[in-house]
Amino acid sequence: MPLTILAQRQLRSKVRFSSETKVNLRENMMSDLSESIANGNVVKAFGLGGRLKRHLGELSYSYADNDVVLETSQSALRSSAAIILVFTQYSFFVLGAIQVLNQGLAFNDFVAQYSMLVLLAGPMNEILDYANKLNQSAASLHRVRHLISLEPEGSQGPRQVKDLGDLSAGVTLDVEDLHFSYPKGSSIFKGLSFRVERGETVAIVGASGSGKTTLFHLLMGFFEGESGRLALNGVDVRELDLEALRAAIGIVFQEQMLFNASVRENLAIGSTEDQVEDEELWLALEQAHAADVVRALPKGLDTMIGSNGIALSGGQRQRLAIARAIVKNPPLLLLDEATSALDSISEGHIQAALKEIYKNRTSLIIAHRLSTITHADKILVMDHGVVAEMGRHEELVERSNLYRSLYEAQVEGFLNSAGVEDV
């Protein structure tokens, strides 16, 4: 009996370990499979089909082997539970019979007690079975508990302010001695400071990793700064209600994200209104130089564009994302490489339209192609987590070595690609 109980403990531990392994293997398999499908063109281009097939095959075999161990352990666990019940009944019968023979126990009492034990065997077996199932589910329950224990977004502070005041001509933006690092990562901002006036169009340039996109993420409330201040209209974004904060901001991400829905639904997502008129949608599409694209689709605005806009080209997705931000009509517009996937002609049309859109709102533009930001009211040159230089394009070309080197490198690259040689 003690050996059976000890075996039960060991088997329960083995079942729990195998269950956790099963969950992890299944998660890895589904993650790798979905990633392979999503990046199908990369898989084809680099000839990764065979390697991925072998990798997924190895995971499948590991999953199957672990499943065999799990089922075997569960069967042994159920068998050991049955052995315990049978041993208990047998022991009671033998000991009770001896007591009856020695006249230490009346026969009627023995029969009643033994019958009760037999009747309890069924419920006891079910209880043990439920205990084994609970033990098997421990891995999944652990994941659920972890998710439940996570702090809700924005729970670090009160975030009670919902009114940003006058938004008719944009917002002011104050960044004061801002410090930020990603978890387990290097420091991104080391005392970042600058001010954007209401209605200004400000471009942000700098080398990759200088924190341009991170600044947008902090403005959207995706992360919070470690110290310093980031304020809209004088209100620290950490005190702003997240819904109110994000309602005031329209953003075009560097990587376009569209939903498996119609063009109309994807555009209307940007609006704070329950109902968006078609005229408003078409106006935004015209401004984003995407109206002809939508007209050419089988059902126009009602055409389904697939997961992440798979039915569209990269440039078409980018134009729809710009139109979505225009539909929102926000007081603060954030453009993160918003025209990087467009050809020069389309980019020129959109840049001309954006100049009108920038009016009566504050706009921040991240750009690597410096020719697209020469119109900005001022340009911030970021370097190693701080603003190294600030000014208009002409001023920075004159006095900023960093900006001038970026600009000249692009001009030289353009001349080389056009086949123009030094004379």
Quiz prompt | Shape of the chain, Cα gyration tensor, a/c cut at 1.5 | solution = prolate
Exercise. Among V15, V94, V252, determine the one that fluctuates most according to a GNM of the chain built with springs between C-alpha atoms less than 10 Å apart.
Key: V94
Self-check item: Convex hull of the stretch 173-417 built on C-alpha atoms - directionally averaged projected area, nm²
Solution: 13.9 nm²
Quiz item: Which of E279, E126, E176 moves most in a GNM of the chain, Cα contacts under 10 Å?
Solution: E126
Practice problem: Compute the long axis of helix 314-328 from its Cα atoms, compare it with the longest principal axis of the Cα atoms of the chain, and write down the angle in degrees, 0 to 90, nearest 10. | Solution: 80 degrees
Quiz item: In terms of Cα to Cα distance under 24 Å, which lysines are near enough to K14, apart from those fewer than 8 places away along the same chain?
Solution: K22, K133
Self-check item: Net charge contributed by nearby residues that have their C-beta within less than 12 Å of Q74 (K/R +1, D/E -1)
Solution: +3
Quiz item: Once phi is turned into θ = phi - 60°, what whole-Hz ³J(HN,Hα) does the Karplus curve with 6.51, -1.76 and 1.60 give for every residue of the stretch 58-71, x standing for Gly and Pro?
Solution: 5, 5, 5, 5, 4, 4, 5, 4, 5, 5, 5, 4, 5, 5
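Note down the relative contact order for the chain as a percent, whole number, built from C-alpha pairs under 8 angstrom at least six residues apart.
Reported relative contact order: 16 percent.
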Quiz prompt | Nearby lysines by direct alpha-carbon distance to K359 (threshold 24 angstrom, same-chain neighbours under 8 apart not counted) | solution = K212, K328, K378
Quiz item: What is the fewest-to-most order of Y130, Y114 by other Cβ atoms lying within 10 Å of their Cβ?
Solution: Y130, Y114
Exercise. Under a 10 Å cutoff between Cα atoms, tell me which one of S208, S193, S262 has the largest fluctuation in the Gaussian network model of the chain.
Key: S208
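Relative contact order, percent, of the stretch 173-417 when contacts are C-alpha pairs under 8 Å separated by at least 6 residues?
Numbers: 418 pairs, mean separation 64.4, N = 245.
Once divided by the residue count of the stretch 173-417, the mean separation gives 26 percent.
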Quiz item: So which trypsin sites (Lys or Arg not before Pro) in the stretch 328-391 pass both tests, a DSSP loop state and at most 13 other Cβ atoms within 10 Å of the Cβ?
Solution: K359
Quiz prompt | Inter-label distance, nm, simple model (7 Å from Cα along the C-beta direction), H384/R145 | solution = 4.7 nm
Quiz prompt | Value of relative contact order over the stretch 2-148, rounded to a whole percent, pairs C-alpha under 8 Å and six or more apart | solution = 41 percent
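I want the local charge near T213. Using Cβ-Cβ distances under 12 Å, sum +1 for each Lys or Arg and -1 for each Asp or Glu among the other residues.
Details: positive: K212; negative: E255, D336, E337.
Here the count lands on -2.
Restricting to Cα atoms and excluding each atom paired with itself, what does the Kirkwood estimate give for the stretch 212-322 in Å? Before the final figure, lay out each step's value.
Details: mean 1/r = 0.0641 Å⁻¹.
It is 15.6 Å.
Every number here is computed from the coordinates shown, using simple stated rules; none is lab data. Just so it is clear, the model here is predicted, and its values are computed rather than measured. Using ideal geometry, Cβ is built from the backbone for each residue, glycine included, and neighbour counts are taken over all protein chains shown.
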